[in-house]
1. Please compute the modelled spin-label separation between A140 and Y429, points set 7 Å along Cα→Cβ, answer in nm with one decimal.
2. When S326, S11, S234 are ordered from fewest to most other Cβ atoms inside 10 Å of their Cβ, what list results?
3. Rounded, prolate or oblate, given the Cα gyration tensor of the range 372-443, with a/c below 1.5 counting as rounded?
4. Can you tell me the dipole magnitude for the chain around its Cα centre, using point charges on the Cβ only (Lys, Arg +1; Asp, Glu -1), in Debye to the nearest 20?
5. Between (i) 53; (ii) 56; (iii) 64, which entry matches percent of Cα pairs over 28 Å apart as derived from the coordinates of this structure?
6. Which distance in nm do the two modelled labels at S360 and S341 give, with both placed 7 Å along the Cα-to-Cβ direction?
7. How big, in percent, is the set of alpha carbon pairs in the range 182-250 lying more than 13 Å apart?
8. Specify which residue in the list L97, I135, P166 is farthest towards the positive end of the charge dipole of the range 49-178, using unit charges on the beta carbon of Lys, Arg (+1) and Asp, Glu (-1), about the Cα centre.
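Values quoted throughout were computed directly from the atomic coordinates according to the rules given, and no laboratory measurement underlies them. Treat the numbers as computed from the prediction; the structure is a model and nothing was measured. A quick note on method: Cβ atoms are made from the backbone with ideal geometry, for glycine too, and the neighbour counts reach across all protein chains shown.
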Amino acid sequence: MIQRLEKAAASRSDDLAISNEQEALSFFQLLRLTEDWRERLSSYPKGTRLLISLPGGPSFLAVQLAAIEAGLVFAAMPHETPPEGRGKYLELFQPDLFLGDEGLSPQTVGKRADLPAEAAMLQFTSGSTGLPKGILVSKAQLTANLEINREHIQGIHPGPVFCPIPQFHAMGNAVVLEYLLHGIPVHLSNRFVPAFELGRITEFACRSVLASPNWFQLLLKLGALSAEKLPSLSSMTLGTASVDTTLVQGLRQAFPQAHIHLRYGLSESVGALTRLDIPPGKGLESRGLVGPPVPGIRIQNLPGLEEEPGELRAKGPCTCLGQLSSPERFERLDDAEGWLSTGDLASMDAEGRVHLRGRSSSFIKSGGHRIEPGEIEAVLRSFPAVLDAVVVGVQDPLLGQKIAAGLEVQEDWDQGALRRHCRTFLPPYKIPQRIQALSPFPRTAAGKPDLSKVRQHFEGTQGQTPRR
């Protein structure tokens with residue numbers, strides 16, 4: 001992978017390669033820093049485990065590339081994690097070395113599972129539904145993802161990109177590697193300050209933004225996204241499991257001539273499994289449509305749109321080696337034929353495009369109905385005063401589960417008006433019985449809504465008067 005950086009540095013030596021809030025390096029400077037770290041890390045035996053806690057940006061990337069090239073197993077935890085919160089990452093990974101703001105230090109190692117010899121990187125899951133687990137990938141899988149995306153990246157993204165997704169997150173990490181190692185500058189953000197982030201897009205004349213649907217949704221509601229305010233933007237990519245048509249409609253109104261891309265992937269795969277390209281002037285046909293498989297990825301036969309959805313199973317050169325589910329347990333996640341179960345329910349249309357129907361584990365069973373939370377969340381987010389929403393099932397002796405919605409809202413929200421809005425767009429059995437504004441709105445270190453904390457909140461407030 002360093003060879004790709006060398007190639008980019010040879011043709012774009014003095015051009016800016018990567019930046020964050022504090023640091024910016026050219027391709028040549030990034031290569032020199034990477035080589036310095038490779039020389040330092042090469043003194044450790046192959047298979048040495050390195051855990052870092054650095055802000056996303058030049059130093060993070062240099063250490064990552066150097067560690068992989070030196071044969072170490074690299075992992076990154078959220079930089080803002082306080083010392084007392086590092087335990088869950090240290091305990092799971094059992095690293096030999098830790099690199100943080102205070103420097104590189106050896107660690108005491110306990111009992112731990114043997115990892116596959118080809119393991120190059122451990123990607124922590126977000127922990128949005130509980131404690132994080134570790135997904136292991138090889139250098140060959142990382143390289144295969146670069147090849148799979150080469151034509152798309154070079155054809156659609158001729159200029160700098162901006163990515164506010166943390167680099168320790170699966171998509172944030174994939175974006176940096178995919179674009180920068182194809183010679184495209186990447187500008188990162190490690191804190192959500194809308195005015196600052198929009199200023200960086202303008203400063204570096206970014207041609208594309210790759211972010212979560214929540215990022216785009218919030219900035220649209222703040223009135224911050226438009227072709228007039230961000231004239232350099234020609235492309236937007238939403239990393240997603242499912243996007244509502246109204247969000248794409250809002251982006252299309254703000255940027256009539258931009259290309260909009262939806263990429264669906266998992267921590268268990270490097271990069272995207274499917275991609276949907278929405279050309280200028282077009283919208284999203286239906287919620288959950290995420291497009292056909294990317295080149296090299298196979299999707300096992302799925303039911304048609306009129307049938308009950310089935311579990312989406314994928315196979316290809318980028319699916320992971322397996323999972324470190326506890327310090328002493330490594331397990332493969334694919335079956336004997338190499339098929340990876342994603343946990344997502346999906347259908348496929350006549351054009352070979354995947355339509356996501358929800359997570360098999362997230363459906364709410366209420367009053368005899370099987371309810372997909374994403375549809376309700378989309379309706380809640382379409383209400384002007386709602387910035388974000390999470391819908392969970394809470395145990396109930398009569399219904400089986402009640403539908404509970406935790407919201408991030410603007411100050412002037414009105415629950416009565418929101419319920420009338422829900423009655424307009426949802427059948428009665430899908431309207432949440434409990435709706436509460438949560439302040440602060442619980443999120444994981446990756447910025448995703450923390451489902452486990454939302455569920456714990458509602459389970460701990462059964463029978464209490466909801467906050468307005």
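1. With each label placed 7 Å out from Cα toward Cβ, I get 4.9 nm.
2. S11, S326, S234
3. Judged from the Cα gyration tensor, the range 372-443 comes out oblate (a/c at least 1.5, b/c at or above a/b).
4. That gives a dipole near 780 debye.
5. Label of the calculated value: (i).
6. So the two model labels end up 0.4 nm from each other.
7. Numbers: 1573 of 2346 pairs.
Roughly 67 percent, rounded to a whole number.
8. Projecting each Cα onto the dipole axis, the largest value belongs to I135.
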